[in-house]
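> A single structure is presented below for examination.
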Amino acid sequence: MNDLNVVAETIKKCQRPLIGGHVMPDGDSLGSVLALGLGLRLLGKQVTMASSDPVPELYSFLPGIQEMLVGEVNPGDYDLLIVVDCSVPERLGAALLPFYEKGLTTVVLDHHVNDQPFGHVNYVRSTAAATGEIIMDLLDVLGVTFNTDLAVNLYTAIVTDTGSFRYENTTSETHRRVARLLEYNIPVARLSNLIYSEQPLSQIQLLKEVLATLEVSESGQLATICLSRQTQLSIGAHDEHIEGMINYARNIKNVEVAIFFRELEGQRVKVSFRSKYFIDVNLLAKKFGGGGHVRASGCTVEGTLMEVKAMVVKEAEKLLGGVLNCGRYYHHP
Ligand code: 5GP
Ligand code: MN
Ligand code: MN
């Protein structure tokens, strides 16, 4: 059962939906929650939108964001939980997970690779570049009339998850959907500056520290960067200021796999993976209890920064050693 009509029927029957995305929310998670929330309001639903984790300041321009509950959701009498861009219940975070655990009927709308989605009603399309694409289709099935606020949220979801249409997940369907969104007069250049070019100075200072840890393997195919908790705290940088840094490692010529190790509280390390052409980093993250996509994935591993790094690098090198370095691909093999 992977049918948007079934999802639409379930949503039509509800009156008071609670809509949420994943922890450490990104543009796709927030844009999808907001577009769906604002869209369902147009259908007369009493919508509550929520995030377990704080909303990165950079996304404060998103229409409707000021109405999003952050960190705490009162029990309320919701009749449906709608989860977007989130493939496992744990990534709902502390504020939203209890609603699922208490058995509130749950709809999952997602684009992560996942053959066992956790909702009671699920729609998973891993070929969608962003969950925002799925939300757009769902709003159409529901008969919602689009407007500029919806379009800004959907555009942000899609532009961030495709790396501004540069990643492999970008399809003709992505561009068709975005072309339609642009008809609602969204300020593309302004949005691009808000998303990418309003970085606080502390973010660049943090980048300096992170780049100082750059290591490239002998083969040149693996690049790693690290961030200790002490460094992050001393600069006073927020989690949101770390987003995108892994691309500096990925952008190096001949690098196939980039890994970013970030020390968390309590002897845990958040690991982010990116690949360029042929390594499936979803499989790599899965080995450590995480997941994601073929070219972008992540996991959280227990141990010190150095322990986790040694362990993960070993697995990555095994994987890279198993394939020939075919140089620069044009076509995806
Ligand atoms: P990032 O490295 O930007 O945090 O995450 C990259 C991708 O991997 C995202 O699509 C994200 O959803 C997924 N991801 C990151 N961390 C985890 C994790 O701990 N578990 C799972 N299942 N997916 C993750
Ligand atoms: Mn996401
Ligand atoms: Mn996404």
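The values are calculated or read from the model by the stated rules, or taken from the named source; none is laboratory data. Note that the structure is predicted; figures quoted are calculated from it, not measured. With ideal geometry, Cβ positions are generated from the backbone for all residues, glycine too; neighbour counts draw on all protein chains shown. Calculation scope for accessible area: heavy atoms of the full protein, side chains included, ligands and nucleic acids excluded. Shrake-Rupley method; radii C 1.70, N 1.55, O 1.52, S 1.80 Å.
> If I ignore ligands, DNA and RNA and count only protein heavy atoms, how much of Lys276 is accessible to a 1.4 Å probe, in Å² to the nearest 10?
So the heavy atoms of Lys276 present about 40 Å² to solvent.
> Among Asp77, Asp239, Asp26, what's the order by accessible area (1.4 angstrom probe), most exposed first? Intermediate values should be presented prior to the final figure.
Values: Asp77 100, Asp239 75, Asp26 30 Å².
If we order Asp77, Asp239, Asp26 from most to least accessible, we get Asp77, Asp239, Asp26.
> I've got another one for you. Where does the chain land on Rg/Rh, using Cα atoms and the Kirkwood Rh? Provide the component values of the computation, followed by the final result.
Details: Rg = 19.8 Å, Rh = 20.6 Å.
Answer for the chain: 0.96.
> So what does His293 come to for accessible area, using a 1.4 Å probe and Å² rounded to 10?
50
> Give, rounded to the nearest 20 debye, the magnitude of the charge dipole that region 252-304 has about its Cα centre when Lys and Arg contribute +1 at Cβ and Asp and Glu contribute -1 at Cβ.
Values: 9 positive and 5 negative charges, 41 e Å.
In debye, rounded to 20, region 252-304 gives about 200.
> Any idea of Val152's accessible area? Nearest 10 Å², probe 1.4 Å.
10
> What are the ³J(HN,Hα) values, in whole Hz, obtained from phi via the Karplus relation 6.51 cos²θ - 1.76 cosθ + 1.60 with θ = phi - 60°, for each residue of region 287-304 in sequence order, with x given for Gly and Pro?
Here the 3J(HN,Hα) series is 4, 10, x, x, x, x, 10, 4, 9, 8, 8, x, 7, 10, 10, 7, x, 7 Hz.
> Please give the Cα centre distance for region 124-190 versus region 196-267, rounded to the nearest Å.
Spelled out, the Cα-based centre of one part sits 28 Å from the other.
> Accessible area, 1.4 Å probe, largest first: how do Thr48, Thr148 sort?
Numbers: Thr48 30, Thr148 60 Å².
So the residues, ranked largest to smallest area, are Thr148, Thr48.
> Can you give the Kirkwood hydrodynamic radius of region 191-327 from its Cα pairs, in Å with one decimal? Could you put the intermediate results ahead of the total?
Working: mean 1/r = 0.0656 Å⁻¹.
Radius from the Kirkwood sum: 15.3 Å.
> Still on this structure, I have one more. In cubic angstrom, how much convex hull volume per residue do the alpha carbon atoms of region 39-163 span?
Per-residue hull volume (Cα only) is 114 Å³.
> Normalise the Cα radius of gyration of region 21-71 by 2.2 N^0.38 Å (N = residues in it) and let me know the number. Before the final figure, lay out the partial values.
Numbers: Rg = 10.3 Å, N = 51, 2.2 N^0.38 = 9.8 Å.
Dividing the Cα radius of gyration by 2.2 N^0.38 Å gives 1.05.
> Of Cys86, Ile204, Thr174, which is farthest towards the positive pole of the chain's charge dipole, taken about the Cα centre with +1 and -1 on the beta-carbons of Lys, Arg and Asp, Glu respectively?
It is Thr174, whose Cα lies furthest towards the positive end.
> On a 1.4 Å probe surface of the protein chains, which of His238, His111 comes out largest in accessible area, and what is the full order? Spell out each step's value before the answer.
Values: His238 105, His111 5 Å².
Largest accessible area first, the residues go His238, His111.
> Could you work out the per residue convex hull volume over the alpha carbons of region 164-237, in cubic angstrom?
On the way: hull volume 9.9 nm³, N = 74.
Each residue corresponds to 133 Å³ of Cα convex hull volume.
> Work out the charge dipole of the chain with +1 on the Cβ of Lys and Arg and -1 on the Cβ of Asp and Glu about the Cα centre, then indicate which of Ala128, Val55, Tyr277 is farthest towards its positive end.
Tyr277
> Check which residues have an amide H placed less than 5 Å from Cys226's amide H, if you skip close sequence neighbours.
Thr213, Phe261
> Report, in degrees rounded to the nearest 10, the 0 to 90 angle that the Cα long axis of helix 148-161 makes with the longest principal axis of the chain.
That works out to roughly 20 degrees.
> Among DSSP bridges having both ends in region 198-333, what percentage is antiparallel? Round to the nearest 5. Don't jump to the answer; show the numbers that get you there.
On the way: 19 of 25 bridges.
So the antiparallel bridges in region 198-333 amount to around 75 percent.
> To the nearest 20 debye, what charge dipole does the chain have about its Cα centre, counting +1 at the Cβ of each Lys and Arg and -1 at the Cβ of each Asp and Glu?
Values: 29 positive and 38 negative charges, 116 e Å.
It comes to approximately 560 debye.
> Follow-up. Suppose all protein chains stay in the model; what accessible area per residue would a 1.4 Å probe give for the chain, in Å²? Kindly include the intermediate steps, with their values, before the conclusion.
Working: 15520 Å² over 333 residues.
Accessible area per residue, the chain: 47 Å².
> Something else about it: Roughly what % antiparallel, to the nearest 5, for the DSSP beta bridges in the chain? Can you show the working numbers first?
Details: 19 of 42 bridges.
Rounded to the nearest five, the antiparallel share is 45 percent.
> Another one. Got the relative contact order for the chain handy, in percent, Cα pairs under 8 Å and 6 or more residues apart?
On the way: 604 pairs, mean separation 41.6, N = 333.
Taking the mean separation of contacting Cα pairs over the length of the chain, I get 13 percent.
> Search the structure for amide H atoms under 5 Å from the amide H of Leu80, placed 1.01 Å from N in the peptide plane, and list their residues when 5 or more places away or on another chain.
Under 5 Å from the amide H of Leu80 lie the amide H atoms of Arg16, Leu18, each far enough along the sequence or on another chain.
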